[in-house]
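Below is one structure; the comments refer to it alone.
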Amino acid sequence: MKNPMATMELDDGRKIVLELYPDIAPNTVNNFIQLANSGRYDGRKIHRIVKEFVLQGGSLTGTCHQPNDEFSIKGEFEENGFHNPLKHETGVISMARGSHFDSAATQWFIMHRPAERLDGKYAAFGKVVEGQEVVEELGYRPTDETPGKYNPPLEPVYTTRIRVDPGDWNYTEPERIVPGVPED
């Protein structure tokens, strides 16, 4: 089966290409495809960079805090009763969430380095197949490390466009919780 391929275009012209794994996290992949192909990720900041950990984007507010009053999705990971064997290794993309297991909505993160402590606790759903050097460079960008700021890059980085070719995946509308589960 040809898996869905996501192309993330950055404001500096560089690209990150990710292979998505619907056999591992089908609803998470459907949610990402719907958000990307409807333009919801266009012009959004990569609003959090934690060196040796993650790059985080997809926020509709441009910060880590986002009210999920529109929708959220069920967390597809072990601690939430869903078998997801994908490990949080370098280059893996996963859904960000609050403390509630079903609070993920639009925010995603790409692993700059492996983080075993996230395995089974967050919905990993794909991996970088092109542009890992871009992830590497972004992962070392200077950030505002003021407590409570959540490491925004000092020089903003934007995803100008994210689009997904569904490949052979039989994409369907994602199952969503409406209104969404609050982040905390």
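Just so you know, all these numbers are worked out from the coordinates, no wet-lab data involved. The structure presented is a predicted model; accordingly, all values stated were derived computationally and were not measured. Note that we place each Cβ from the backbone using ideal geometry, even for glycine, and neighbour counts take in every protein chain shown.
Computed values, structure above
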quantity: Net charge, GLU175 excluded, C-beta distance under 12 Å - Lys, Arg +1, Asp, Glu -1; calculated: -1
quantity: Global form of the chain, assessed from the alpha-carbon gyration tensor, a/c cut-off 1.5; calculated: rounded
quantity: Gaussian network model of the chain, Cα within-10 Å springs - most flexible of GLY167, GLY98, GLY148; calculated: GLY148
quantity: Eligible lysines near LYS121 by straight Cα distance, threshold 16 Å, same-chain separation 8 or greater; calculated: LYS74, LYS87
quantity: Mean separation of Cα contacts under 8 Å (6+ apart) over length of the stretch 44-184, as relative contact order %; calculated: 35 percent
quantity: The stretch 14-78 shape via C-alpha gyration tensor axes, a/c threshold 1.5; calculated: rounded
quantity: Loop GluC sites (Glu not before Pro), the stretch 125-184, which have at most 15 other Cβ atoms in a 10 Å radius of their Cβ (DSSP); calculated: GLU145, GLU175
quantity: Of THR61, THR143, THR160, the one that fluctuates the most in a GNM where the chain has Cα springs shorter than 10 Å; calculated: THR61
quantity: Charge-dipole axis of the chain as Lys and Arg at +1 and Asp and Glu at -1 on Cβ define it, positive-most pick from VAL129, GLY13, LEU86; calculated: GLY13
quantity: Listed residues PRO26, PRO166, PRO156, most fluctuating in the chain (Gaussian network, C-alpha, under 10 Å); calculated: PRO156
quantity: Net dipole in debye of the stretch 1-95 [+1 Lys, Arg Cβ; -1 Asp, Glu Cβ; about Cα centre; nearest 20]; calculated: 200 debye
quantity: Which of PRO153, PHE101, VAL54, positive extreme of dipole for the chain (C-beta unit charges); calculated: PRO153
quantity: Amide N proximity, the stretch 41-58 versus GLU136 label position 7 Å along Cα-to-Cβ, cut-off under 18 Å; calculated: 50-55
quantity: Cα centroid separation, the stretch 76-100 to the stretch 1-57 (Å); calculated: 15 Å
